[in-house]
Every structure is written in C-alpha cells, then in structure tokens.
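Comments concern the structure below.
Values in this text are rule-based calculations from the coordinates and carry no lab data. A quick note: this is a predicted structure, and the numbers were derived from the prediction, not measured. We place every Cβ from the backbone using ideal geometry, glycine too, and count neighbours over all the protein chains shown.
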Amino acid sequence: MTGRDRSGGTRAWGLTVAVLAALAAMWPLLPDYNQITLARVMVFAIFAIGYNILFGYTGLLSLGHALFFAAGLYAAGLGARDGGLTAVPAFLAGILAGAGLAAGVGALALRTAGVAFMIVTLMFAQAGYLALLYFNEWTRGDEGFNLPAASRTVLGLELAGADMRYGTALALFALATLIATWLARSPLGRVMVAVRENEARAAMLGYDTGRVKLAAVTISGAFSGAAGAAYGLIDGYAGATFASVQYSILPLLWVLVGGAGTVLGPLVGAVFMFYLIDLTSGLTDAYMLVAGAVLVLVTLFAPRGIMGEVRRRVARWLP
C-alpha cells in the first residue's frame, strides 16, 4: 500500500468517525419527535448501505431489495410474537433471514445479467409480497401487527422510548457504516469495484466473478435484513407494505441521490429524500411533484450523487 493510499484511508476513517460523533452529539439535544424521526432515517440508511454494496460497488441493479428488508422484518417480528424471542436473538434472526434469502435469490438471479437480472429480482420481490398477503392469517397482510413489549427490551431497557430508539439506531448504523468502510477498502471490496468497472477483465485476471457477485448479493441481503429487523424492533411493528415495490425503489433513489459507491452516500441520500418529502408535504399536496423536480435537478447537476460529486471535485480520497 502506498503512502497516498494510507493517507486516504486515514482521512476516510476520520470522516466516518466524525460523522458518527456528530450524530452522537445530537442525541441529547434533539426533542423526542426528532429523535424518533432520525432513528427511522438511520435504519433506512442501513438499508441503503446494503443496496449500495450491490449497486454502487458491484454494479448490479436490483429491484427486489424490499424482499430482503421484509425477510428481516418478519423474521424478527414473527420470532418475537410467536417464538418468544427477545430483541437480540430476533435481530440476529432477521440478519440470517435476509442473508439466506438473498443467497438463494442470488444463486438463481445471477444466471442472468443486466436488465434481466433487474426483472428477475423484481419478480422474486413481488412473489414475496403476494405470499405475505396470501398468508394473512400469520402475517396480518398490509394491516400488520405490533411486536410484544417484552421482545423490545435490551439489557433491561425498553426500546419504546425516544432516547432508546435513537441510541439503538445510532449504534446499529455506526456498526453498519464501519463495516461498509472496511469492506470498501478491503480486497473483496476492490474486486467488487473491478467487477463493476469491467467484469471480463476481472475474470481474465483470475477472479471468480460469479462468486464475488453472489457474495455481494448475500452481504447486501444481510444488511437489508438487519435494517428490516431493526425497524420492526425499534418501531414495534411489522407489515406487508414494507415488501411492496416502493421499498425496492426507495433505496435505489437514496443511493443515487447520495452517491453510488460512496460510504456516506446512503446516509446523505436517505436524510435528503426523507426531509425533502417531509418538508414539502407540509407545504403542498403536490409534494411528490416537488420531490421529482428536485431529483431531476440533482441528476442534471450532480449525476454522481451528492457525495460522488464531492469526491470528484473536492476529495478524491472519499471511500
């Protein structure tokens, strides 16, 4: 590793830690409503981090990530409601459900490429959504169900309070971000980027690109499942709506706006889109039109996303 690489790596880690420290410093300063809102945003940012691993770093466009989010959500929710699992085992079950389902879907979907891969992942996600509606007796469909209070306790502390929601979401987001930062600079992360840039050349250099892509899908599914489980445990709710196509498109938008292939892009995109819609919905009923116009402007003037443009113009060391 060259001195320039080490310097860039140090600054990348420093920026990541600084952002996490800023979020921690905001914790005691925010009112309850803002703590709950930002906790949700951080959970969705974990979801976007998972999507970014597949799309931003490996170059695979999926429209089926709602399936993995919902897998984590329902694994934790049903495990808590019917299996009596407490928060930590339920959360781990969500990660395993997301990763396991992603590995199975990836093994089949990766037999295709390009647009076909996108369509196949969409079909799997829609099948999962319809299955949740069909087995309404257990899943409660779009109506959903509330998780028992006993399952939403960590070390004797209940997750119902605003402080605990924020603290838990921050801890999970910090862990996800640090893992993503490490992955981006690891040999596997560099091979993922090589596959994204030129898969044929990566294969010619001796890398098993099929295994790399399957690993990317599985890791992405694990992050998405973790986000789903965290959402269910923190908000105390699970519903089939989170398996709809909308929740496959949202992480794509967050990553595109924040900057595909950047570690902090998912957080920036999730915060930007969430608060843009929240603020404009209070001003006009046509808030989606406003959001769409802003997205068009971002696409025109920042085609690489916000953090992608910062990396291109200001700080090329950004991970």
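Placing pseudo-labels 7 Å out from each Cα toward the beta carbon at Asp285 and Thr299 gives an inter-label distance of 2.6 nm. Among the GluC sites (Glu not before Pro) in the stretch 84-169, those placed in a DSSP loop whose Cβ has at most 14 other Cβ atoms within 10 Å are Glu143. When shorter helices are ignored and each DSSP H run of at least 4 residues is given -39500 (n - 2.57), the per-residue value for the chain at 222 nm works out to -24500 deg cm²/dmol. With the contact rule set at Cα under 8 Å and sequence spacing of 6 or more, what percent relative contact order holds for the stretch 20-258? Rounded, it is 43 percent for the stretch 20-258. For the peptides 52-59, 31-38, 268-275, 94-101, the ranking by mean Cβ contacts within 10 Å, running from highest to lowest, is 52-59, 94-101, 268-275, 31-38.
P(r) tail for the stretch 217-319, what percent of Cα pairs lie past 23 Å? Counting pairs separated by more than 23 Å, the tail of P(r) holds 36 percent. Between Ala12, Ala71, Ala226, the Gaussian network model of the chain with springs among Cα atoms under 10 angstrom shows the greatest mean-square fluctuation at Ala12. Here the 3J(HN,Hα) profile of the stretch 213-218, calculated from phi with Karplus coefficients 6.51, -1.76 and 1.60 at θ = phi - 60°, is 5, 5, 5, 5, 4, 5 Hz, Gly and Pro shown as x. Taking other residues whose beta carbon is less than 15 angstrom from the beta carbon of Ile277, and scoring Lys, Arg as +1 and Asp, Glu as -1, yields -1.
Taking the Kirkwood radius as Rh and the Cα radius of gyration as Rg, the stretch 20-258 has a ratio of Rg/Rh equal to 0.99. Along the charge dipole of the stretch 166-233, Cβ charges K/R +1 and D/E -1, which of Leu233, Tyr207, Trp182 sits furthest on the positive end? Checking the options against the dipole of the stretch 166-233, the answer is Tyr207. Based on Cα contacts under 8 Å between residues 6+ apart, the stretch 20-158 shows a relative contact order of 26 percent. Based on the convex hull around the alpha carbon atoms, the stretch 53-165 presents an average projected area of 8.3 nm². In this Cβ point-charge picture (+1 for Lys and Arg, -1 for Asp and Glu), the stretch 183-319 has a dipole of about 720 debye about its Cα centre.
Going from the residue with the fewest nearby Cβ atoms within 10 Å to the one with the most, Tyr51, Tyr134 rank Tyr134, Tyr51.
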